[in-house]
1. So which residues in the stretch 30-56 are charged (D, E, K, R) and at pLDDT below 95, if there are any at all?
2. In the stretch 34-61, what residues are out of contact with any helix residue (DSSP H, G or I) (no Cβ under 8 Å at 6 or more places or on another chain) and charged (D, E, K, R)?
3. For the stretch 1-27: of the residues being within 30 Å of Ile68 (Cβ to Cβ) and in a loop (DSSP other than H, G, I, E, B), which is modelled with the lowest pLDDT?
4. Assuming Gly59 fulfils every condition listed in (1) on the phi < 0 side of the Ramachandran plot; (2) modelled with pLDDT of 90 or more; (3) under 17 Å from the mean Cα position of the chain (by Cα) apart from one, which condition is it?
5. Can you name the residue in the stretch 62-73 that is over 14 Å from the mean Cα position of the chain (by Cα) and exposed (fewer than 10 other Cβ atoms within 10 Å of the Cβ) and, of all such residues, is modelled with the lowest pLDDT?
Amino acid sequence: MKSSSGVRPRAKADLDLIDRKILSILREEGRLTVNELANRVGLSASPCWSRVRHLEEIGVIKHYAAVIDHVAIGLKDIVFIEVRWTSTTTRCCPGSAMPLQRSLR
């Protein structure tokens, strides 16, 4: 079934209690070994690994990431900036994008 935007709506994943436990644990501790994760959810390693792999394949688990302590690496603030350049901006302020591009590198 397609939505009015023409994009196919994503089907809701059918997750049981063990899948939800796996996701809850991985959300907090994504570097657990399969054996540690299996012990925590009450499975042996092989079925636990199969479930994790399935959750990855159907897109429930998109990727794994590290949470960085920005203060520990000398970054005290995180700033999100959105800049929109238009043809008018470049006509009235020629070269205005160049200093910004250099400072962002």
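The values are calculated or read from the model by the stated rules, or taken from the named source; none is laboratory data. Given the structure is predicted, the values throughout are model-derived calculations rather than measurements. FYI the Cβ positions are ideal-geometry reconstructions off the backbone, even for glycines, and counts take in every protein chain you see.
1. Answer for the stretch 30-56, where residues must be charged (D, E, K, R) and at pLDDT below 95: just Arg31.
2. Answer for the stretch 34-61, where residues must be out of contact with any helix residue (DSSP H, G or I) (no Cβ under 8 Å at 6 or more places or on another chain) and charged (D, E, K, R): Glu36, Arg53, Glu56, Glu57.
3. Narrowing the stretch 1-27 to residues within 30 Å of Ile68 (Cβ to Cβ): 10, 13, 15, 19-27.
Next cut, in a loop (DSSP other than H, G, I, E, B) only: 10, 13, 15.
Working: Arg10: 65, Ala13: 86, Leu15: 96.
Here the answer is Arg10.
4. Gly59 satisfies all of (1) on the phi < 0 side of the Ramachandran plot; (2) modelled with pLDDT of 90 or more; (3) under 17 Å from the mean Cα position of the chain (by Cα) except (1).
5. Val71
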